[in-house]
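Each remark here refers to the structure printed beneath this line.
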Amino acid sequence: MNFEAMDPTGDNPADRAAEQARIDALIARFFAAFDNRNGRVPLESAITALFAERAVIARHQDGGCELSSPREFAAPRVALLAGGALVDFCEWEETASTRIRGPLAVRSSRYAKAGYRDGKPFRGAGTKLFQLGRFESGWRIVALSWVDDA
């Protein structure tokens, strides 16, 4: 299958830049959805809206891989961020690389996170790999896989 033939932007740099900007905005909304600084309250609906309906999320930890749906992924994180045990929390993208092929895109992100867990400073970092699809409604995450640094 020729992905370039499926790409309505062709080789037009302005169209490619516009698609990149749309993906950048989606990923920025993803990271912002987990911010509970200054009284922000994360919403499950804000997180799940970033994903395709049947997206798959994979968390790699301790030699295993835990799979979840967007709702299964969002619900415990919203509870943690709204419950008071993890406060003044945010995570952000430090570096990223995106490849777009027509209606498909892959983004590799290095991210960091910080906050206070149970009253103690908490910091971390890791890698997130996003697979994205372009739908009539815009770009959505169709798969997310991540691992936190040891």
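Remarks
- Neighbours of Asp35, meaning other residues whose beta-carbon lies under 12 angstrom from its beta-carbon, give a summed charge of +3 when Lys and Arg score +1 and Asp and Glu score -1.
- Cα-based helix-to-principal-axis angle, 13-32 vs the chain, degrees rounded to 10: 20
- Going from the residue with the fewest nearby Cβ atoms within 10 Å to the one with the most, Asp148, Asp35 rank Asp148, Asp35.
- The chain: most fluctuating residue of Leu132, Leu80, Leu26 per GNM, C-alpha cutoff 10 Å: Leu80
- Linear extension gain, Thr95 paired with Arg71, 0.36 nm per residue minus alpha-carbon span: 6.0 nm
- Ascending count of other beta-carbon atoms within 10 Å, so fewest first, for Trp146, Trp139: Trp146, Trp139
- Multiplying the residue separation of Ala32 and Ala18 by 0.36 nm and removing their Cα-Cα distance gives an extension gain of 3.0 nm.
- When both bridge partners sit in the chain, DSSP labels roughly 90% of those beta bridges antiparallel.
- Note: relative contact order over the chain, using C-alpha pairs below 8 Å and six or more positions apart, is 23 percent.
- Mean residue ellipticity at 222 nm, helices only, the chain: -8500 deg cm²/dmol; runs of at least 4 DSSP H residues each add -39,500 (n - 2.57), and the sum is divided by the number of residues.
- Put in line by how crowded their Cβ is, counting other Cβ atoms within 10 Å and starting with the fewest, Val78, Val147 read Val147, Val78.
No value in this document is a laboratory result; all are computed from the given coordinates. Everything numeric here is computed off the predicted structure, so don't read it as measured data. Backbone-built Cβ (ideal geometry, glycine too); neighbour counts: all protein chains shown.
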